[in-house]
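Trainee: Please read through the structure below; I'll follow up with questions.
Throughout, read-outs are computed from the coordinates displayed, never taken from laboratory work. Keep in mind the model is a prediction, meaning the values are calculated, not measured. Using ideal geometry, Cβ is built from the backbone for each residue, glycine included, and neighbour counts are taken over all protein chains shown.
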Amino acid sequence: MGTKVNLISGRTIVQGQNLDNKLSEAYFNEVATCELNGSDMEKLGVAADERVKIKTSFGEVVVKAKEKAGTPEGVIFIPMGPWANALVSGDTHGAGMPSYKGIDAEIEPTEEEILQVKALMKTYME
């Protein structure tokens with residue numbers, strides 16, 4: 001069982017700069033990540049660039065851990081994109097966009113591989 005966290009998502013500058021090429025390495029390196037507080041990384045026993053699995057009631061995904069100063073303890077941030085989308089509800093509550101904030105999640109270290117965008121998208125179809 002993983003450590004309980006609060007998941008939020010949003011846009012980043014690098015993610016926005018690479019929207020036209022979602023198959024690029026720059027997009028993958030920016031979006032297939034999870035920003036955490038250094039203290040939370042210590043508790044999980046993970047270092048920067050190690051993989052973590054995040055699970056919500058909507059799905060699960062493997063991403064790379066990144067320490068981010070200013071991230072509150074118990075909160076994780078995943079940039080908007082296919083990896084964050086795997087963890088949110090498809091229900092838009094009539095707003096046309098799913099809720100990307102305040103999602104209950106669990107995080108744990110993993111040896112599983114991070115899926116490239118095409119392979120990740122195939123899991124949505126299963």
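Trainee: So what are the ³J(HN,Hα) numbers for the range 115-123, from phi and the Karplus equation (6.51, -1.76, 1.60; θ = phi - 60°), rounded to whole Hz, Gly and Pro as x?
Mentor: Once θ is set to phi - 60°, the couplings for the range 115-123 become 6, 5, 4, 5, 5, 5, 4, 5, 5 Hz.
Trainee: Kindly write out, for the range 69-75 in residue order, the coupling ³J(HN,Hα) from the Karplus curve 6.51 cos²θ - 1.76 cosθ + 1.60 (θ = phi - 60°), rounded to whole Hz, with x marking Gly and Pro.
Mentor: Karplus values, whole Hz, x for Gly and Pro: 4, x, 6, x, 4, x, 10.
Trainee: Neighbour counts of other C-beta atoms within 10 Å: give me I107, I78 arranged from fewest to most.
Mentor: Ranking I107, I78 by Cβ neighbours within 10 Å, fewest first, gives I107, I78.
Trainee: Long-range amide H contacts for T33: which residues qualify at under 5 Å (H placed 1.01 Å from N, peptide plane, sequence gap of 5 or more or a different chain)?
Mentor: K64
Trainee: Would you tally the net charge around R51, using a Cβ to Cβ cut-off of less than 9 Å, leaving R51 out, and scoring K and R as +1, D and E as -1?
Mentor: -3
Trainee: Within 10 Å of each residue's Cβ, count the other Cβ atoms and sort S57, S39 from fewest upward.
Mentor: Ordered by Cβ neighbours within 10 Å, fewest first: S57, S39.
Trainee: 7 Å from Cα along Cα→Cβ at both K4 and E60: what's the point-to-point distance in nm?
Mentor: The two pseudo-label positions are separated by 1.9 nm.
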